[in-house]
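To start, the structure itself, in C-alpha cells.
The values are calculated or read from the model by the stated rules, or taken from the named source; none is laboratory data. This is a predicted model, so every value here is computed, not measured. Every residue, glycine as well, gets a Cβ built from its backbone with ideal geometry; the counts of neighbours run over all protein chains shown. Side chains are part of the model used for accessible areas, which takes the heavy atoms of the whole protein and leaves out ligands, DNA and RNA. Shrake-Rupley method; radii C 1.70, N 1.55, O 1.52, S 1.80 Å.
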Amino acid sequence: MNFRERIEKEIIKNILKMLPRMSEKNLIRATYLVEKLPQDEGIRKAVKIVREYFEKGHPSVKLAKRIWGELHPNCLNKLVENFFINACFISDRIRREIEEKEGFHIPWFFVISPTMKCNLRCLGCSVESYKKDEDLPKEVWDRVLDEAKSLGIYFITVQGGETFVRPDMLDIYASHPDMYFQVYSNGTLIDKKVAKRLQELGNVEVNLSVEGFEKETDARRGKGVWRKVMEAMDNLREAGVMFGFSVTQTRLNTDIITSDEFFKLMVEKGCYIGWFFHYIPLGKDPDLSLVPLPSQRNKLREKLKEVRATLPLFVGDFWNDGPFVQGCIAGARQYCHINHRGDVEACAFVHFAVDNIKSGKSLKEIFNSPFFREMRERIQWEEATCPYSDNLLTPCQIIDQPWVLRELVEKYNAYSTDGAGDVLLKGKAARFLDEYSRQIHALYDKIWEEDSYYKEIRENIRKKRKRLFAKVE
C-alpha cells in the first residue's frame, strides 16, 4: 500500500469512527468527502444513496447509530477496518487493476463450506446428499484465503453443514485477521464462551437460522432449537458481536415471516441484519411442496420494501433483490461457492462444477473458466447478447430461467457435486421448475414494467443495453 492509499484509508477510518458523534448535517458532509476519493462508480453511487438516506432521516441512519453504539470496540474496529476499508475500498482497487492489466475478472467475495457435518437434520435440507467425512483441510483453507487476499477478496461467507461443529473454525478466522467473515449457523452451539471468543476475534458476523417463531422453527429443525437460537442471540448481543437472522421462505411459513410481529421480535432481540432465501429443490429427493408459490414470493418482496422504509434493520433477499445487484451474481460475477470437497460451484444452490481448488489451478483461472465466463454472459443484463429479458426480478438460472443452467451444464460437461444433478436437469423437479418459471414471469413481468419502485433501475438498464446493442451491430 503506497502513501496515498494509506492516507485515504485513514480518512475513511476516521470518518466511520466519528459517525455516532456526528450531527445529521456533518453526516451528509462526510459523504461528500468520501465520494471524492478515487473508487469504483458502484461505490460512488452507494455513497450517494447513503447521503439521500441521511437527508431523508431514513431508518438506516438509526441502524448505523445502533451498530456504532452497541458493538464491542473490537467488533466495531474490525467492521470498519476489514469490511468497509479492506473488503469495500481496497478490494475494488485491486480487483479493477487485475482486470485492466491481466484481463481476469475477479468476484467481490465467495462462499465456502468447510464442512457438511451438522448436528441437526432439518426438513428439506440437502446436506444429506454429502458424505460427512470430507471436511476441507485447514491448510487448504489457509492457501485459498491467502490467494483470495492477493486478488483483493477480503469478504468471505461461511456456511455448511453447521460450521461451529468444526473445532478449528475459530482458529481459521484468527489466522486471517484482515478479512471479514459472514457465517451462517443454526445457532445451537453458540454459548457464552463461543460468543466471547467471537468478540475477541471481532472479524466474524453471525446469521442465525430461524423458520419463523418457535412452532415453525422447531417443526423444521427439531424440538428445542428455537429456544437455543434465542439464547444464542442473547449471548451475541451481550458480547457486542455483529449478528442477524437468516430465513428460508417455504410455502408453509410465508405468512409468519412477513408478519409485523416477526420483524418486531428480530429487532428487539438485537439483530442488525436479516437475510431471506427461497427454498430451492436440491438433493436427491427434494420436497417440491416446500417451494413458495409465486404469489408468496411477491408477498415477501412487498414486505421487505416496507421494512426497509420503516425499521432500523438491513434486509436482503437474494431473489427479489435482483434489481439492486443488476441480476444474478453467480458464476463468479460477484460470487461463487467452494464446497467441502473443494468443488467450485457457480452458486451455493447450483451443485455443478468443472473445477476444484485442489486441482492446481489458481483462483483467477477458475473464476474465468469458459463455464463461468459464458454463465456471466448469459445471466447479465449488461451483455448485449443476453438471450432473455432484462427483468431483474427474475434473475435466477435455477427457478426463473431453468433452461440456462441446463444448457450450460450440458455444453461444458459440468459434473454434479452432490450426486443429484439429474433432479434439476430432467424428470419431475425439472418439469416443476419449468412451470414455476412460467408462473413467476406471468406475475413479475407486469410488476417489473409497472412498479415505480424500479423505474430508475429499469430505465438505466435499457439505456445501457441500447448502447451495447448499437456497438454489436
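Couple of notes before you dig in:
- Sequence of Val183, Val423 when ordered by accessible area, the most exposed leading, probe 1.4 angstrom: Val423, Val183
- Carbon + sulfur, % of accessible area of the chain - ligands and nucleic acids excluded, 1.4 Å: 54 percent
- In sequence order, region 155-166 has phi-based couplings of 10, 10, 9, 10, 9, x, x, 10, 5, 6, 6, 7 Hz under the Karplus curve 6.51 cos²θ - 1.76 cosθ + 1.60, θ = phi - 60°, and Gly or Pro positions carry x.
- Between amide H atoms placed 1.01 Å from N, distances below 5 Å from Val315 occur with Gly274, all of them 5 or more places distant or on a separate chain.
- Region 152-218 - charge dipole about Cα centre, Lys and Arg +1 at Cβ, Asp and Glu -1, debye rounded to 20: 220 debye
- Per residue, the chain exposes an accessible area of 43 Å² to a 1.4 Å probe, with every protein chain left in place.
- Spatially proximal lysines relative to Lys138 (Cα-Cα < 30 Å; intrachain offsets below 8 disregarded): Lys78, Lys117, Lys149, Lys192, Lys193, Lys196, Lys228, Lys284, Lys358, Lys361, Lys364
- Amide H partners (placed H, <5 Å) of Gly327, local residues excluded: none
- Accessible surface, 1.4 Å probe, highest first, among residues Arg197, Arg301, Arg378: Arg197, Arg378, Arg301
- In order along region 90-99, the Karplus-derived 3J(HN,Hα) couplings, from 6.51 cos²θ - 1.76 cosθ + 1.60 at θ = phi - 60°, round to 5, 3, 4, 5, 5, 5, 5, 5, 5, 5 Hz, and Gly and Pro are given as x.
- Heavy-atom accessible area with a 1.4 Å probe sorts Arg458, Arg438, largest first, into Arg438, Arg458.
- Set of aspartates and glutamates near Lys65 by C-alpha distance (under 19 Å), chain-local residues within fewer than 8 positions excluded: Glu24, Glu52, Glu55, Glu81, Glu205, Glu238, Glu268
- DSSP beta bridges in the chain [antiparallel fraction, %, rounded to 5]: 20 percent
- Dipole check for region 209-316: with +1 at the C-beta of Lys and Arg, -1 at the C-beta of Asp and Glu, and the Cα centre as origin, the magnitude is about 260 Debye.
- Along its first, second and third principal axes, ordered by size, the chain spans 60, 59, 48 Å in Cα coordinates.
- Radius ratio Rg over Rh of region 247-321, counting only Cα atoms, Kirkwood formula for Rh: 0.99
- Charge dipole (Cα centre; +1 on Lys/Arg Cβ, -1 on Asp/Glu Cβ; no other charges) of the chain amounts to roughly 920 debye.
- Evaluating kT/(6 pi eta Rh) at 25 °C and 0.890 mPa s, with the Kirkwood radius of region 209-338 over Cα pairs in the Stokes-Einstein relation, gives 156 µm² s⁻¹.
- At full extension, Tyr415 and Asp191 could sit 76.7 nm farther apart than now, given 0.36 nm per residue minus the alpha carbon distance.
- For region 137-143, 3J(HN,Hα) per residue [Karplus equation, 6.51 cos²θ - 1.76 cosθ + 1.60, θ = phi - 60°, Hz, x = Gly/Pro]: x, 4, 5, 6, 3, 4, 5
- Ratio Rg/Rh [Cα only; Rh per Kirkwood] for region 296-356: 1.11
- Positive-end ranking of Val61, Ile357, Ala174 along the dipole of the chain, with charges on Cβ about the Cα centre, is headed by Val61.
- Annotation: amide H of Thr248 within the under-5 Å range of Val210, Phe277, sequence separation 5 or more or interchain, hydrogens built in the peptide plane.
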